[in-house]
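J.: Sharing a structure, written as structure tokens. Questions coming.
Nothing in this text is a laboratory measurement; each read-out follows from the coordinates by a stated rule. It should be emphasised that the depicted structure is a prediction, and the values quoted were computed from it without experimental measurement. Backbone-built Cβ (ideal geometry, glycine too); neighbour counts: all protein chains shown.
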Amino acid sequence: MALRWALAENEEGGTLFADERVAERHVGKGAYAGMEFLHVNARTIINTVPAESRMPFRHTINPYRGCSHACVYCFARPTHDYLGLGIGADFERKIVVKVNAVERLRTELRAPAWGGEHIAMGTNTDPYQHAEGKYHLTRGIVEALSGARNPFSILTKSTLILRDGPVLAAASERTEVGVSFSIGTLDRSVWKLTEPGTPPPDRRIEAMRRLTALGIPCGVLVAPVLPGLSDSEAQLTEVVEACAEAGAVSITGLALHLRGPVRGHYFEWLERERPGLLRLHRERFRRGAYQDEEERQRIEGIVKVAARRCGVAGPNRYRGTPPAQGRALATDPKGGAGSEGGPSEDVRQLRLL
């Protein structure tokens, strides 16, 4: 198996650089059976968003590549293609682990050039995915950011974040901390079909309730909303009401988009699992990666109205402090320094990452 990133065990000087080498597989055992972990040493861990982008944050950290959540629609799947791995099962089971992430971060936070800007996590794959239970990198990153009083935000679908509740609570007393949960539906059949590696949505809501009780304000992204599966007004309203009751301080709805190879992957899955929805999807995505503006506004509007009716009208907790100029993430599938792998997005769509 060729891998464009050198493994930590084989790398002279412990740095990561583009190279074709044969990967040594770290086979998961016990709770991680069926998974493989590829250890790499990152040259940098704070990734800077290109200056021309319109994103409301300039810096990201992603300790893992690939994601065991196995969300069929995941926009980050093409990042595995660059590594010589598949965007399907490989993306879900062969996880790249930046084993030196915490040490690199501590060094970079001490650098004179670092200005202490907001750092967003969860912009590529979930920092609290299954691998975090083994490697504890996200916990170490949170502790390092807290120690440096550096503001940060986290977007997750995982209840594993509860493990770090006390650490996050302590960090929120030292700096600005934003937590958001991605909860696209409460329908367990849709959840199990489309994101089988994630905790059930009702457990995510309970996790949000518990973090809120610790004094950590949490937002929700009702995203992505899937045509014919989770996009009815009743379904969206149900999610909003449950999240509001659990204490969400912001709730935002976002429609599904399918860019690059993800479109083909999703349509192949749809033809196999829900062929009756193919016609609807072909109509919705007839113009490309995004559904019509009218449909996107319909979904956002339903969520916004329901949220306001429930008394939730706060700003998105994941966005951080907007930079002086409007920006949108422009990423490089190579995933080099200053990028986090994946196609460019406008600010509306990237809020769901």
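J.: Taking amide H positions as placed in the peptide plane 1.01 Å from N, state which residues far from residue 182 in sequence (5 or more) or on other chains have amide H under 5 Å from it.
T.: Distant-sequence amide H within range of residue 182: 156, 157, 221.
J.: Below 15 angstrom from the Cβ of residue 140, what's the summed charge of the other residues (Lys, Arg +1; Asp, Glu -1)? Intermediate values should be presented prior to the final figure.
T.: Details: positive: 98, 104, 106, 134, 139, 163; negative: 103, 108, 132, 143, 164.
In short, +1.
J.: Determine the shape class of the stretch 234-283: with a ≥ b ≥ c the square roots of the Cα gyration tensor eigenvalues, call it rounded for a/c under 1.5, and otherwise prolate if a/b is greater than b/c, oblate otherwise. Display every interim value, and only then the final one.
T.: Working: a/c = 3.30, a/b = 2.23, b/c = 1.48.
Prolate.
J.: For a quick check of your reading of the filter: which trypsin sites (Lys or Arg not before Pro) in the stretch 24-95 sit in a DSSP loop and have no more than 16 other Cβ atoms within 10 Å?
T.: In loop regions of the stretch 24-95 (DSSP not H, G, I, E or B), the sparsely surrounded trypsin sites (Lys or Arg not before Pro) are 25, 29, 43.
J.: For a quick check: with amide H placed at 1.01 Å from N, whose amide H comes under 5 Å from residue 225's, ignoring anything fewer than 5 positions away on the same chain?
T.: Correct list: 254, 255, 256.
J.: What is the mean projected area of the alpha carbon convex hull for the stretch 86-147, to one decimal in square nanometres?
T.: Numbers: hull surface 19.7 nm².
Averaged projected hull area, Cα only: 4.9 nm².
J.: Could you work out the local net charge near residue 310, counting Lys and Arg as +1, Asp and Glu as -1, over the other residues with Cβ closer than 9 Å to its Cβ? Each step should come with its number before you reach the end.
T.: Values: positive: 308, 309; negative: 241, 245.
Every neighbour counted, the sum reads 0.
J.: For the stretch 142-300, what value does the Rg/Rh ratio take when both radii are computed over Cα atoms and Rh is the Kirkwood radius, given to two decimals?
T.: On the way: Rg = 17.3 Å, Rh = 16.9 Å.
Dividing the radius of gyration by the Kirkwood radius yields 1.03.
J.: Can you tally the net charge around residue 69? Count Lys and Arg as +1, Asp and Glu as -1, for every other residue whose Cβ sits under 10 Å from the Cβ of residue 69.
T.: Numbers: positive: 157; negative: 92, 126, 195.
Once positives and negatives cancel, what remains is -2.
J.: Rounded, prolate or oblate: which one fits the stretch 26-120, using the alpha carbon gyration tensor with axes a ≥ b ≥ c (rounded when a/c is under 1.5, else prolate when a/b beats b/c, else oblate)? It would help to have the intermediate numbers written out before the result.
T.: Numbers: a/c = 2.64, a/b = 1.56, b/c = 1.69.
Oblate.
J.: Follow-up. Is the shape of the stretch 102-202 rounded, prolate or oblate, going by the alpha carbon gyration tensor and its root eigenvalues a ≥ b ≥ c, with a/c under 1.5 for rounded and a/b larger than b/c for prolate?
T.: Judged from the Cα gyration tensor, the stretch 102-202 comes out prolate (a/c at least 1.5, a/b above b/c).
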